[in-house]
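Below: one structure, written as structure tokens.
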Amino acid sequence: MTTLMNPRWNGQFSCFDLVAKTDDCTRSIIRVADLEIGGNDFVVMAGPCAVESESQLMQTAEAVAEAGARVLRGGAYKPRSSPYAFQGLGVEGLRLLRKAREATGLAIITEVMSEEDVGLIAEYADIMQVGTRSMENYALLEALGKCGRPVLLKRGMTATLEELLRSAQIIAMSGNPDIILCERGIRTFETATRNTLDIAAVPVLKAVSHLPVIVDPSHAAGVRSLVPILSRAAAVVGADGLLVEVHPCPEKALSDGNQSLTFAEFRRMMGDLQPYLDLQQPLRQLRPQLVAAGGAD
Ligand code: PEP
Ligand code: MN
């Protein structure tokens, strides 16, 4: 694509040759069962922050599937800032995720925190999630290069886009080209939200990389009332999908209840998304011009 003329961006990102956009590779589509992430579908991944119990997970899986989600999220191994917080159900959580997949047909995404767990989690997960705190765990990234599953790589909360793509390059160099990038908010001086959703990350990443880009509005917002509007923003700027936290009873959630949507809120959000997705198409056409214009200053 000869319109990619921003010299700063080309210099900054083209060294990550396996993940940077080139004339020969402008878009990669990651296939998960019958889903095409990065293709024409807008793929919504939804579910609880953590798998807590069979009834919590099954109820949520059914509710999000009915509302149009295609992938069930849920952490079995949780990276918690406090050692006293709920750490996840471990392998029992993985078994429940498998059961939910059998019951609903949803694909499964779950977090992997350590290279030692990669083999086990790959037996249960359709997509391996790398959390913000693990974006620079190079031993983990290398192990994921050989896991045989697509990887959703979250941006580190203090990482630049260059650093995000550097981590993606490590996974690709280690043998796995199936990588989905995820913007989940970064640390800034702003305290009104848990993190600052860097909405510009989406068109920049789409301009410089061929990889799909997903937005996680939940961890960016930290509060459920902002999740639907940030999801609409993500749709408009060209994201390939969302990763959203949903819980049957958010006030009782063992983690991230404040930012989890109720079933009714999630259903409403999904129902309201289409007009914003319709706006995405014309903006896709504008994207290369946006890059060319960026090169002029
Ligand atoms: C999560 O998805 O629940 C999670 C821990 O996300 P992050 O790594 O973005 O904080
Ligand atoms: Mn969470």
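The values are calculated or read from the model by the stated rules, or taken from the named source; none is laboratory data. Just so it is clear, the structure is predicted and the values come from calculations on it, not from any experiment. In this analysis, Cβ positions are derived from the backbone assuming ideal geometry, glycine residues included, and neighbour counts consider all displayed protein chains. The accessibility values were calculated without ligands, DNA or RNA, using every heavy atom of the protein model including side chains. Shrake-Rupley method; radii C 1.70, N 1.55, O 1.52, S 1.80 Å.
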>> Going by what's in this entry, would Gly241 be described as open to solvent by less than 10 Å² (accessible area, probe 1.4 Å) and at pLDDT 95 or above?
In response: yes
> What number of residues in region 176-196 are open to solvent by less than 30 Å² (accessible area, probe 1.4 Å), part of a loop (DSSP other than H, G, I, E, B) and without any contact (Cβ under 8 Å) to a residue 40 or more places away in the chain?
Replying inline: 3
> Out of the residues in region 209-232 that are more than 16 Å from ligand 1 (Cβ to nearest atom) and under 15 Å from the mean Cα position of the chain (by Cα), which is surrounded by the most Cβ atoms within 10 Å (Cβ to Cβ)?
Replying inline: Leu211
> Which is open to solvent by less than 50 Å² (accessible area, probe 1.4 Å), within 16 Å of ligand 1 (Cβ to nearest atom) and under 20 Å from Ala264 (Cα atoms), of Ala76, Ala63, Ala85, Ala69?
Replying inline: Ala69
>> Of the residues Gly148, Gly156, only one is surrounded by 19 or more Cβ atoms within 10 Å (Cβ to Cβ) and assigned to a loop (DSSP other than H, G, I, E, B); which?
In response: Gly156
> Could you list, in sequence order, the residues of region 29-47 that are in a loop (DSSP other than H, G, I, E, B) and at pLDDT 95 or above?
Replying inline: Ile29, Gly38, Phe42
> So which residues in region 253-270 are over 14 Å from Leu57 (Cα atoms), open to solvent by 50 Å² or more (accessible area, probe 1.4 Å) and either in contact (Cβ under 8 Å) with a residue 40 or more places away in the chain or among the hydroxyl-bearing types (Ser, Thr, Tyr) (or both)?
Replying inline: Glu265, Arg267, Arg268
